[in-house]
Amino acid sequence: MMALCRDMVGDHPCRPVLVASNDPDAAGLRRAAELGIATTAVDHRPYGADRAAFESALLEPILAAAPDILCLAGFMRVLTPAFVARFEGRMLNIHPSLLPKYPGLRTHARALAAGDLEAGCSVHEVTAVLDSGPLLGRAVVPVLVGDTPEDLASRVLAQEHRLYPAVLRRFGNGERGLLRLN
Ligand code: NHR
C-alpha cells in the first residue's frame, strides 16, 4: 500500500509519503526504503480474525503521514467498511482481471477455465464491496494458446506496471474518467 500526498513537485501531482505492508518481508518495503520513502509493516497474523484491531494498528502510521491518496498494490487483506469509509474516493486498487469479470482471487486460472480470449488488469476505486468500485483504468492483453495461469499473470503484470502509474498521474490531477490501454 502506498500513501501519497497531492503536492506538485517536478512534473508529478503526487509524491509518496509512506509505503505500508501487512507482510514484513514484502520486496516493496525494501524498494521503498532504498528510494528514501518511509515504510511501515504491520503483520496481520498476530491479530487473527480481528480485522478492526489490525486496521487500527495500520491506520496509526498512515494517519501520521496524512496522505491524500492510498494505492493498494498486491495488498491482500480485505478492508472493513470503517477503514474504507475514511479513504472513500481517494483509495485505489489494481486488480488482475478485466473487471467486472473475476473479482477476488485466482483470476488468471478463472479466465483460462472460461476460455476467455482476452485478459488484463483494472484500476478501480476501493469501496466496501470487494473489487467493485468505480473503474478508473484497464489494460487488455491477449490470451495465447497453451497459456498457463503463470504465463498470463506475467503478461498482465507488465501491463499493471504501465497502467497503474498512468492512472495515478491522472487521478492526482483530479481526472476520474476511464483510461484504456492495450
Ligand atoms: N477491501 C475492500 N473493502 N474493497 C476492495 O475492493 C479491496 C479490499 C482489499 C483488498 C485487493 C483485492 C485484489 O485486487 C483489495 C480490494 C484480497 C482478497 C482476499 O480475499 C480479495 C481481493 C483483494 C485482495 N483476501 C483474504 C482475506 O481474508 C486473504 C487472502 C490471502 O491471504 O491470500 O482478507 O485482489
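The values are calculated or read from the model by the stated rules, or taken from the named source; none is laboratory data. Source: prediction; values computed, not measured. Cβ coordinates were reconstructed from backbone atoms using ideal geometry, including for glycine residues, and neighbour counts include every protein chain displayed.
Just to be sure I understand the filter: pairs with C-beta atoms under 7 Å, separated by 6 or more residues or on different chains, first member in region 66-78 and touching a residue at least 40 places away in the same chain (Cβ under 8 Å), second member within 6 Å of the ligand (Cβ to nearest atom) and not small (Gly, Ala, Ser). Which pairs pass? These pairs meet every condition: Leu72/Asn93; Leu72/Val126; Val78/Leu130. Can you find a residue that is modelled with pLDDT under 95, over 22 Å from Gly89 (Cα atoms) and not aromatic (Phe, Trp, Tyr) anywhere in region 170-182? Yes, that holds for at least one residue. Counted as qualifying within region 9-99 are the strands (runs of 3 or more DSSP E) with 2 or more residues that are more than 23 Å from Arg162 (Cβ to Cβ), namely 12-21, 39-41. Within region 113-136, the set of residues being near the ligand (Cβ under 9 Å from one of its atoms) and either among the aliphatic types (A, V, I, L, M) or touching a residue at least 60 places away in the same chain (Cβ under 8 Å) (or both) comprises Val126, Ala128, Val129, Leu130. Mind checking whether some residue in region 122-142 is more than 28 Å from Thr40 (Cβ to Cβ), at pLDDT 95 or above, touching a strand residue (DSSP E or B) at 6+ places or on another chain (Cβ under 8 Å) and among the small types (Gly, Ala, Ser)? So far as region 122-142 goes, yes, one or more of its residues are more than 28 Å from Thr40 (Cβ to Cβ), at pLDDT 95 or above, touching a strand residue (DSSP E or B) at 6+ places or on another chain (Cβ under 8 Å) and among the small types (Gly, Ala, Ser).
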